[in-house]
Amino acid sequence: MADEAKPGGTPGTFINDIEAGVHQQYAARLDAARKQVREATDKADAERICAQQANAEMVQRMAEYRRGRWYDIGAVVAGAGVGFVTGYQLQKRADLRVSGAPVMMIAGLPGIAAGALLDEHVVTRAVFAVGGTMYMVGALTYALVHPQAGSGGQTGSGGPSGQGEGGMP
């Protein structure tokens, strides 16, 4: 037992040294824990901010998808106008009617079918469907504005007096 080393100093100094070591270790662990909490908070805030930006972009894209762009309406209106004018003019050029109904109206059905069956953007489908429908309306409008002169098979270019265009017989 004489070979055992005894701590130098008093027992109070020994206990104070142990207490200081524990205090330093506790302070270091507490500081490390604070840094980890701060990093986790910063990461959570960054993820929340990025998620908000992603949500804002998704909302903007969804609104654009739902409402379309300004030129989408122009495309649909142009399809309607072209369909109507084409239907009217083709019915005027080939005024074929079956029981008073214009035969050229049938030519609008492919546009309607294309609009219904295409796997494209809704505006593309609308242009075809509206164009085909307005083609039919154009042909029907010509037939209603220019009724057939009689049941003798004549087409309606003459008026009730039998005169052609310009008032000439």
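For the range 58-121, the list of trypsin sites (Lys or Arg not before Pro) that fall in a loop by DSSP and count at most 11 other C-beta atoms within 10 angstrom reads R69. Oblate is the label for the range 74-135, because the ratio a/c of its alpha-carbon gyration tensor axes (a ≥ b ≥ c) is 1.5 or higher and a/b is not greater than b/c.
Each value in this text was obtained by applying a stated rule to the coordinates, not by laboratory testing. Note that the structure is a prediction, hence the values are computed from the model and not measured. Glycine gets a Cβ as well: all are built from the backbone with ideal geometry, and neighbour counts include every protein chain shown.
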